[in-house]
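The structure appears right after this line, and notes come after that.
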Amino acid sequence: MVAEREYAGKYTGQPWWLIILRRVNLVIIGLTGSFVLYTRSAGALYFSVGAVICSLVVKALKRVVRQPRPVLRSDRKKPAYGMPSTHSATITFFAVYIPLACAYLPIHPSLPSGQAIRVLPPILMLPSAVVVAGSRIWLGKHTLAQVAVGCCCGAAFAVAWFHLWTHGANHYGRQLEDLFHPYTHLIVS
């Protein structure tokens, strides 16, 4: 009961949208997983794996750099490092990779054809990324420098990951889709 009151009290006075941004990673994971299952695309799976690897690389960098987060509470039992921001890196990975995919990759057969599928995702993703990265500062989780370095890491990783896809990995993706195509109806109908 006491823990519930402390938890509820922690967010008192914050706007509802900022409270939602505290757990935005769960929303993004859910949407990305749903997209992979809906499209049954090796390219979408490759993109998702890239986002996870980007996150893991940035988490490893945090352990090397060991720069603390902004001081909000003194009751933390273990040190929490903030350089670079993992949320900022991962959302920037999305914000860079998605426009590249929309501009340069063929439209997957599971998606509707047309110009909207090439234009809408980047238009929606870019402001979303700015809000998520900004929320790390507004919530007091990271400094501006930690967010900026996270964004740079995510952008660099997205460009490199996209380059790998367009320079050979897509060949294996097509083979993977061909191999699993007879069984994809079992995943999503």
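At-a-glance table
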{"quantity": "Matching residues in the stretch 24-43 - criterion: being crowded, with 18+ Cβ neighbours inside 10 Å and under 21 Å from His87 (Cβ atoms)", "calculated": "Val36"}
{"quantity": "Selected residue [in a helix (DSSP H, G or I), under 14 Å from Val24 (Cβ atoms), modelled with pLDDT of 85 or more and of a type in the set (Gly, Ala, Ser)] from Ser128, Ser135", "calculated": "Ser128"}
{"quantity": "So Leu61, is it modelled with pLDDT of 90 or more, over 10 Å from the mean Cα position of the chain (by Cα) and either closer than 24 Å to Ala160 by Cα or surrounded by 15 or more Cβ atoms within 10 Å (Cβ to Cβ) (or both)", "calculated": "yes"}
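One line per residue, one yes/no per condition, for (1) crowded, with 18+ Cβ neighbours inside 10 Å; (2) on the phi > 0 side of the Ramachandran plot; (3) touching a Pro at 6+ places or on another chain (Cβ under 8 Å); (4) not β-branched (Val, Ile, Thr):
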residue: Thr92; (1), (2), (3), (4): yes, no, no, no
residue: Ile98; (1), (2), (3), (4): yes, no, yes, no
residue: Cys102; (1), (2), (3), (4): no, no, yes, yes
residue: Ile107; (1), (2), (3), (4): no, no, no, no
residue: Val119; (1), (2), (3), (4): no, no, no, no
residue: Leu124; (1), (2), (3), (4): no, no, no, yes
residue: Val130; (1), (2), (3), (4): no, no, no, no
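The values are calculated or read from the model by the stated rules, or taken from the named source; none is laboratory data. Keep in mind the model is a prediction, meaning the values are calculated, not measured. Backbone-built Cβ (ideal geometry, glycine too); neighbour counts: all protein chains shown.
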